[in-house]
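Comments concern the structure below.
The values are calculated or read from the model by the stated rules, or taken from the named source; none is laboratory data. Just so it is clear, the structure is predicted and the values come from calculations on it, not from any experiment. Methodologically, a virtual Cβ is constructed for each residue, glycine included, from the backbone with ideal geometry; neighbour enumeration extends over all protein chains shown. With ligands, DNA and RNA removed, areas are computed over all heavy atoms of the protein, side chains included. Shrake-Rupley method; radii C 1.70, N 1.55, O 1.52, S 1.80 Å.
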Amino acid sequence: MKFSESLKKNRQFQSVYKSGKSYANKYLVMYVKENGTGGNRIGISVSKKVGNSVVRHRITRLVRESYRLQEAMFNSGLDIVIVARKNAVSVGYAEMESALLHLGKLHNVTAHSRPVTDNKEVDS
């Protein structure tokens, strides 16, 4: 996460839960609140109900990597909390990234077009 910091304190999470807006899909719930700074802060929560520690850490890594690679698409100045649902246990990276971008579009915090990742040169 090049441009973003992490939410670490319980009170930071609670602030986003109480005054943020939430949307959900099959795998994730995303809470978003403006933080008044120039950068984003992201927090990831995976309950013990989802699975054992190996499963929970795998889901956390998938969400963090999905966000990291698509970070340029997200608007700045946001506190984002992502809560994994039980269905997220069986998903792979592509599905997790798709679910994250879907929620970002519902919140209107992502650009609607994907960044260009093709580095081909064009002959003039």
>> Sort 101-108, 44-51 by the packing proxy (mean of other Cβ within 10 Å over each peptide's residues), most packed first.
In response: 101-108, 44-51
> Helix 53-69 sits at what angle to the longest principal axis of the chain, using alpha carbons and giving 0 to 90 degrees rounded to 10?
Replying inline: 30 degrees
>> So with the 1.4 Å probe, I'd like the accessible area per residue for the chain, rounded to whole Å².
In response: 63 Å²
> Between the helical axis of 93-106 and the dominant principal axis of the chain, each derived from Cα atoms, what acute angle in degrees is found, rounded to the nearest 10?
Replying inline: 90 degrees
>> On a straight-distance basis, which lysines could pair with residue 86 in a cross-link, Cα separation under 18 angstrom, same-chain partners fewer than 8 positions away excluded?
In response: 26, 48, 49
> Considering only DSSP beta bridges with both partners in segment 1-109, what is the antiparallel share in %, to the nearest 5?
Replying inline: 60 percent
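Using a 1.4 angstrom probe on heavy atoms only, work out the carbon and sulfur share of the accessible area of the chain in %. Walk me through the numbers before you get to the answer.
Values: 3750 of 7770 Å².
Heavy-atom surface of the chain belonging to carbon and sulfur, 1.4 Å probe: 48 percent.
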> Going by alpha carbons, how many degrees (0 to 90, nearest 10) lie between the helix axis of 10-19 and the longest principal axis of the chain?
Replying inline: 80 degrees
